[in-house]
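One structure is given below, encoded as structure tokens.
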Amino acid sequence: MAGLALTLGLAPFGLVVGMAAEAKGLSLLETLLMSGLVYAGTAQLVALELWTDPAPILAATLAALVINLRMAPMGAALAPVLDRLQGLRLWGTLAVLVDNSFALTVAEMRAGRRDAAFLLGASLAMWVCWMATCTIGQVFGASLRLPAGHPVFFASVAALMSILVPLWRGRSDLLPWGVAGVLALAAHGLELGQPWPVLAGALGGAAAGAVRDMRRR
């Protein structure tokens with residue numbers, strides 16, 4: 001129940017990914033395989049933007065890999081929870097880690113609770129919601145055919161912005177968040193294209209947060 005709001009917030013994002021996959025000619029099976037294995041909306045959308053015929057497998061794979069590198073600092077931040085896990089439990093939990101479940105688990109850690117089962121449960125609930133909404137988007141994508149710029153396509157941005165609510169701790173977060181935003185906008189302004197704005201913001205913000213915490217100690 002703790003993650004219900006963020007889980008439901010994924011629904012429009014999943015619909016957009018499903019519709020984008022259908023528009024690129026992916027079958028339902030292909031959409032489900034991509035959604036279930038990649039399980040990262042931003043990476044999937046970037047890969048779909050690159051999708052042509054023949055499919056640029058290497059370019060799409062590298063783009064998804066670069067964007068998902070932001071998960072590395074997330075895993076480090078969750079070390080107090082993940083350090084209690086080993087083997088399949090550890091790697092299985094990391095496999096379904098997403099931004100939303102990360103945000104919820106960080107909020108739990110700040111409240112003094114370090115339950116790895118909470119992280120896994122929240123991630124799996126979001127995975128089920130993600131698969132369902134991607135399916136709906138793919139199945140009904142042909143009949144919807146929304147024009148470019150339709151408000152529903154803001155869903156991906158809105159879903160990511162909602163993650164900031166449980167993460168906000170006050171003015172001390174302004175530095176890493178500001179650095180992340182400036183670097184992402186700078187990369188975008190330089191017309192580097194995806195996935196570099198996402199990666200620059202994620203790694204730059206994580207580095208700024210690490211320096212801030214080191215100074216505090």
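The values are calculated or read from the model by the stated rules, or taken from the named source; none is laboratory data. Just so you know, these numbers come straight off a predicted model, no measurement behind them. Don't worry about glycine lacking a Cβ; one is built from the backbone with ideal geometry, like all the others, and counts go over all protein chains shown. With ligands, DNA and RNA removed, areas are computed over all heavy atoms of the protein, side chains included. Shrake-Rupley method; radii C 1.70, N 1.55, O 1.52, S 1.80 Å.
For Leu32, the criteria (1) more than 23 Å from Leu15 (Cα to Cα); (2) touching a helix residue (DSSP H, G or I) at 6+ places or on another chain (Cβ under 7 Å) hold in every case but one, which is (1).
When Val66 is tested against (1) surrounded by fewer than 14 Cβ atoms within 10 Å (Cβ to Cβ); (2) touching a residue at least 60 places away in the same chain (Cβ under 8 Å); (3) farther than 21 Å from Thr135 by Cβ, only condition (1) is not met. Selection of first residues in region 198-217 that are touching a residue at least 12 places away in the same chain (Cβ under 8 Å) and assigned to a helix (DSSP H, G or I) and of second residues that are of a type in the set (Phe, Trp, Tyr) and open to solvent by 40 Å² or more (accessible area, probe 1.4 Å), restricted to Cβ pairs under 7 Å at least 6 apart or on distinct chains, gives the following pairs, ordered by first then second residue: Gly205/Trp177. For region 122-130, the count of residues that are open to solvent by 40 Å² or more (accessible area, probe 1.4 Å), farther than 29 Å from Arg212 by Cβ, of a type in the set (A, V, I, L, M) and touching a residue at least 24 places away in the same chain (Cβ under 8 Å) is nonzero.
Can you find even one residue in region 22-31 that is in contact (Cβ under 8 Å) with a residue 24 or more places away in the chain, closer than 27 Å to Ala103 by Cα and not hydrophobic (A, V, I, L, M, F, W, C)? So that I can check it myself, show each step before the final result.
Narrowing region 22-31 to residues in contact (Cβ under 8 Å) with a residue 24 or more places away in the chain: 22-26, 28, 31.
Next cut, closer than 27 Å to Ala103 by Cα only: 31.
Among the residues that remain, those that are also not hydrophobic (A, V, I, L, M, F, W, C) are: 31.
Yes, that holds for at least one residue.
Does region 76-94 contain any residue that is out of contact with any helix residue (DSSP H, G or I) (no Cβ under 7 Å at 6 or more places or on another chain), open to solvent by 60 Å² or more (accessible area, probe 1.4 Å) and closer than 27 Å to Glu22 by Cβ? No; the residues of region 76-94 include none that is out of contact with any helix residue (DSSP H, G or I) (no Cβ under 7 Å at 6 or more places or on another chain), open to solvent by 60 Å² or more (accessible area, probe 1.4 Å) and closer than 27 Å to Glu22 by Cβ. Tallying residues that are outside any helix (DSSP H, G or I) and either of a type outside the set (A, V, I, L, M, F, W, C) or within 18 Å of Tyr39 (Cβ to Cβ) (or both) within region 110-121 yields 4.
Mind telling me which of the residues Val17, Val46 ends up being at pLDDT 85 or above and within 28 Å of Leu104 (Cα to Cα)? So that I can check it myself, show each step before the final result.
Working: Val46 fails: at pLDDT 85 or above.
After ruling out the rest, the residue left standing is Val17.
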